[in-house]
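The values are calculated or read from the model by the stated rules, or taken from the named source; none is laboratory data. None of these values were measured; they are calculated from a predicted model. Using ideal geometry, Cβ is built from the backbone for each residue, glycine included, and neighbour counts are taken over all protein chains shown.
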Amino acid sequence: MGAKPDLVAPAKAGATALERETPATPPPSGDPGLRRGDEYTPDSLIASDIDAYLLQHQHKSLLRFITCGSVDDGKSTLIGRLLYDSRAIFADQLSALEADSKRVGTQGQNIDFALLVDGLAAEREQGITIDVAYRFFATEKRKFIVADTPGHEQYTRNMVTGASTADAAVILIDARKGVLPQTRRHSFLVKLLRLRHVVLAVNKMDLVEYDQSVFDTIVADYRAFASAIGIERFTAIPISGFAGDNVASASTEMPWYDGPTLIEHLETIDVEADAAQARPFRLPVQWVNRPDLDFRGFSGLIASGSVRPGDAVRILPSGRTTTVARIVTMDGDLPEAVAGQSVTLTLADEVDCSRGDVIALADAPPQVADQFRATLVWMSETPLLPGRSYWLKLGTQTVGATVQEPRHAIDVNTLAELSVKTLGLNDIGVAEVYTDRDIVFEPFADGADLGGFILIDRATNATVAAGMLDFALRRAQNVHWQAIDITNAAHADQKGQTPRLLWFTGLSGSGKSTIANLVEKKLFALGRHSFLLDGDNVRHGLNKDLGFTDADRVENIRRIGEVAKLMTDAGLIVLTAFISPFRAERDMVRAMLPGAFVEIFVDTPLAEAEARDVKGLYAKARAGQIANFTGISSPYEAPEHPDIRVDTTRESPEAAAERIVEHIMGVWSHDL
Ligand SMILES: Nc1ncnc2c1ncn2[C@@H]1O[C@H](COP(=O)(O)OS(=O)(=O)O)[C@@H](OP(=O)(O)O)[C@H]1O
Ligand SMILES: Nc1ncnc2c1ncn2[C@@H]1O[C@H](COP(=O)(O)OP(=O)(O)O)[C@@H](O)[C@H]1O
């Protein structure tokens with residue numbers, strides 16, 4: 001496949017596991033739909049000879065699709081019906097289903113197909129599906145993997161997960177309800193995620209007396225919205241997942257409909273397996289294979305195009321060119337490899353190339369940039385913090401990235417551009433994204449794999465957003481590092497020291513300034529070149545536009561980190577004394593200064609800081625006169641592994657300062 005970028009890793013993993021796991025058999029022809037108690041025989045080949053079974057399906061093309069719709073539109077019932085009618089259910093699953101249908105089913109005497117799909121007990125109790133369930137089934141013509149994506153308002157995330165590897169979307173509509181806000185949201189995502197094939201399954205036709213005018217009105221309504229968002233073509237099919245009309249067999253109830261059944265239509269969708277091969281060659285390097293000094297190969301999955309030994313290639317982001325020497329596989333060298341194959345390339349020259357780099361056709365390389373316009377689908381309960389550093393994963397590249405305040409969010413019902421300060425769960429918005437180093441990319445709209453990314457929270461490792469790179473900002477290409485003759489090392493040498501950043505963090509009134517001040521005095525006395533950055537010289541000057549919201553604190557620390565970095569570049573030992581309440585920003589600064597960052601946690605319990613209340617701020621905060629006060633109405637995330645911890649209830653400021661100087665003298669006795 002490979003036509004879709006792997007926006008969300010678990011999607012691919014889930015799908016692949018299923019391909020191996022649950023194969024199925026061709027469907028019976030003209031099955032009228034089974035009722036509870038009917039005879040049911042799953043394909044015995046699955047159980048008796050799995051290899052023969054797989055062989056039987058090996059040469060069929062595979063269609064991945066998602067189903068989306070609102071709660072109760074009947075998705076799970078439809079998928080259950082698809083599986084059932086194609087005999088993809090194992091016998092033990094079937095008996096469990098019959099038992100469950102009696103116990104908790106909502107369909108009276110009949111089998112409740114939704115129970116087949118709503119796997120988890122917790123989901124059954126809630127009556128909604130809460131995760132993406134991948135199912136495999138097959139017909140005589142084709143294999144299918146269907147991702148059942150939940151319709152509940154808050155589960156956009158699952159839909160994005162399911163859609164990231166799909167070729168087509170089946171959008172379900174309850175014939176009694178027509179086009180709903182959820183239908184619009186899902187269609188918008190389908191368009192955003194570049195799913196080219198859209199099927200509008202107007203379900204529950206049995207509940208509207210199979211009335212053609214109901215169907216026609218819904219299709220006209222949907223067409224108006226679809227064309228507004230750029231979905232030019234879709235196929236509408238009137239069905240009943242429950243009764244089986246037009247799912248696997250043509251309905252006798254709707255003579256006015258002469259189109260294909262859902263299965264027939266899904267069998268004919270063209271999956272463009274060759275599209276990726278038609279694009280220029282790209283190999284995102286997964287790892288550098290170096291078993292001994294004589295061999296250096298670059299391994300990965302070819303994302304697009306094809307490659308042969310002797311081809312001129314360019315390594316990105318460095319831009320160096322060379323030629324392909326060999327295409328190495330477990331089974332010997334290949335004369336050619338194409339998109340979708342995992343290979344190891346060796347190159348004619350000794351060029352730098354590491355994990356995350358992309359080997360591309362020399363004459364048609366992807367772009368390289370560090371500032372972008374992107375469209376984001378926010379998938380976390382915790383809203384976007386503009387300025388916060390997240391991990392951005394794009395293919396095999398992982399870099400630090402910040403998102404600016406959104407330019408706008410999109411109201412998926414009206415398509416209006418909304419002015420917003422952040423993005424919350426399920427919001428879709430457009431924002432600038434800055435990465436901390438160059439990345440190799442292609443605009444998502446171009447259909448390439450290098451345009452889709454995810455954002456990961458550094459602290460929790462949770463995926464917080466899926467994104468599509470729209471284009472690189474021109475200014476990113478116009479800002480070039482000026483080559484400087486007096487290097488950072490020369491600045492440090494002149495001062496006879498190794499620059500460091502001593503980062504004090506703790507609650508207001510914990511003792512950061514007091515101790516940092518004493519440490520600087522001691523360094524000064526030792527002849528060191530230092531500078532202390534604290535609230536007085538930063539919040540009254542550079543950062544006087546910032547207050548104390550989470551977003552402002554993030555920006556405060558980001559700027560302080562940048563300034564501290566410049567000062568260490570100048571060869572100084574820098575001390576900072578800011579609350580810096582969030583781990584993510586402290587970690588971001590640590591990453592900016594590898595090896596030079598020393599985190600000093602001034603660990604004073606809230607009760608103690610409040611008892612001291614040097615500036616009377618705690619009293620005011622308790623009285624409700626100061627909003628967002630750290631420790632009271634705004635969080636403080638204590639360091640988990642500080643380099644130095646000071647318990648100010650046990651250690652005097654003087655003793656703490658002495659210990660800090662001794663610590664850094666000990667660590668760097670060679671250079672301090
Ligand atoms: N709402 C609120 N919360 C916390 N602190 C407040 C607030 N409003 C004003 N102040 C005063 O501002 C000082 C903290 O500024 P910082 O720049 O260190 O804060 S932060 O790192 O951006 O969180 C802090 O100074 P220190 O006591 O030196 O820490 C306070 O005196
Ligand atoms: N062991 C200690 N370490 C640091 N400060 C202490 C200690 N014991 C008492 N204090 C007092 O606590 C207050 C800390 O204030 P300050 O240094 O301005 O804190 P911060 O910069 O963290 O807001 C000062 O009045 C200081 O004298």
Worksheet item: Mind checking whether some residue in the stretch 608-619 is more than 16 Å from ligand 1 (Cβ to nearest atom), loosely packed, with under 15 Cβ neighbours inside 10 Å and not charged (D, E, K, R)?
Response: no
Worksheet, complete the sentence: Pairs returned, first residue in the stretch 504-520 that is more than 14 Å from ILE573 (Cα to Cα) and polar (S, T, N, Q), second residue that is assigned to a helix (DSSP H, G or I) and near ligand 1 (Cβ under 8 Å from one of its atoms), beta-carbon separation under 8 angstrom, 6 or more apart or interchain, are THR505/LYS512; SER508/LEU617; SER513/GLY535
Worksheet item: Considering ALA303, ALA312, which residue is touching a Lys or Arg at 6+ places or on another chain (Cβ under 7 Å), outside the structural domain of PHE137 (by TED's automatic domain parsing) and either surrounded by fewer than 17 Cβ atoms within 10 Å (Cβ to Cβ) or hydrophobic (A, V, I, L, M, F, W, C) (or both)?
Response: ALA303
Worksheet item: When you look at ARG622, is it within 16 Å of ligand 1 (Cβ to nearest atom), free of Cβ contacts under 8 Å to residues at least 60 places away in the same chain and out of contact with any strand residue (DSSP E or B) (no Cβ under 8 Å at 6 or more places or on another chain), yes or no?
Response: yes
Worksheet, complete the sentence: Matching residues in the stretch 366-383 (part of a loop (DSSP other than H, G, I, E, B) and hydrophobic (A, V, I, L, M, F, W, C)) number 1
Practice prompt. Tally the residues that are modelled with pLDDT of 95 or more, farther than 15 Å from GLU599 by Cβ and in a loop (DSSP other than H, G, I, E, B), restricting the search to the stretch 508-528.
Written response: 3
Item to complete: Output yes when any residue across the stretch 557-566 is over 20 Å from ASN537 (Cα atoms) and crowded, with 17+ Cβ neighbours inside 10 Å, and no when none is.
Response: no
Worksheet item: Hey, among LEU546, LEU572, which residue is outside the structural domain of LEU384 (by TED's automatic domain parsing) and more than 11 Å from ligand 1 (Cβ to nearest atom)?
Response: LEU572
Discussion item. Checking the conditions here, which among ILE573, ILE515 is within 15 Å of ligand 2 (Cβ to nearest atom) and within 14 Å of ILE664 (Cβ to Cβ)?
Written reply: ILE515
Discussion item. Looking at the stretch 609-628, can you tell me whether even one residue there is assigned by TED's automatic domain parsing to the domain that holds PRO581, touching a helix residue (DSSP H, G or I) at 6+ places or on another chain (Cβ under 8 Å), of a type in the set (Phe, Trp, Tyr) and part of a loop (DSSP other than H, G, I, E, B)?
Written reply: no
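Okay, residues lined up against (1) outside any loop (DSSP other than H, G, I, E, B); (2) under 30 Å from VAL646 (Cβ atoms); (3) modelled with pLDDT of 95 or more:
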{"residue": "ALA445", "(1), (2), (3)": "yes, no, no"}
{"residue": "LEU450", "(1), (2), (3)": "yes, no, no"}
{"residue": "ARG458", "(1), (2), (3)": "no, yes, no"}
{"residue": "ARG475", "(1), (2), (3)": "yes, no, no"}
{"residue": "TRP481", "(1), (2), (3)": "no, no, no"}
{"residue": "ALA492", "(1), (2), (3)": "yes, yes, no"}
Practice prompt. Go through the stretch 208-222 and give me each residue that's hydroxyl-bearing (Ser, Thr, Tyr), over 40 Å from the mean Cα position of the chain (by Cα) and assigned to a helix (DSSP H, G or I).
Written response: SER213
Practice prompt. Report yes if some residue within the stretch 417-430 is farther than 28 Å from ILE229 by Cα and either part of a strand (DSSP E or B) or within 14 Å of the chain's Cα centre (by Cα) (or both); otherwise report no.
Written response: no
Worksheet item: Do you know which residues across the stretch 495-543 are farther than 26 Å from ALA621 by Cα and either of a type in the set (Ser, Thr, Tyr) or within 9 Å of ligand 1 (Cβ to nearest atom) (or both)?
Response: THR498, SER530
Item to complete: Being among the hydrophobic types (A, V, I, L, M, F, W, C) and at pLDDT below 75 is the filter here, so list the residues in the stretch 266-281 that pass it.
Response: ALA273, ALA275
Item to complete: Select from the stretch 542-598 the residues that are in contact with a strand residue (DSSP E or B) (Cβ under 8 Å, 6 or more places away or on another chain), assigned to a helix (DSSP H, G or I), among the small types (Gly, Ala, Ser) and modelled with pLDDT of 95 or more and list them in ascending order.
Response: ALA564
Item to complete: Filter the stretch 610-630 for residues that are more than 11 Å from ligand 2 (Cβ to nearest atom) and small (Gly, Ala, Ser) and give the result.
Response: GLY616, ALA619, ALA621, ALA623, GLY624, ALA627
Practice prompt. Among what's in the stretch 312-331 and is over 23 Å from ILE439 (Cβ atoms) and outside any strand (DSSP E or B), pick the residue that is nearest to the chain's Cα centre (by Cα).
Written response: MET330
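Residues are listed down the side, and each one gets a yes or a no for (1) within 16 Å of ligand 2 (Cβ to nearest atom); (2) surrounded by 20 or more Cβ atoms within 10 Å (Cβ to Cβ); (3) not charged (D, E, K, R):
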{"position": "GLY451", "(1), (2), (3)": "no, yes, yes"}
{"position": "LEU473", "(1), (2), (3)": "no, no, yes"}
{"position": "LEU502", "(1), (2), (3)": "yes, yes, yes"}
{"position": "GLY506", "(1), (2), (3)": "yes, yes, yes"}
{"position": "GLU555", "(1), (2), (3)": "no, yes, no"}
Worksheet item: Which residues, counting only those in the stretch 489-503, are under 39 Å from the mean Cα position of the chain (by Cα), more than 14 Å from LEU575 (Cβ to Cβ) and not β-branched (Val, Ile, Thr)?
Response: ALA489
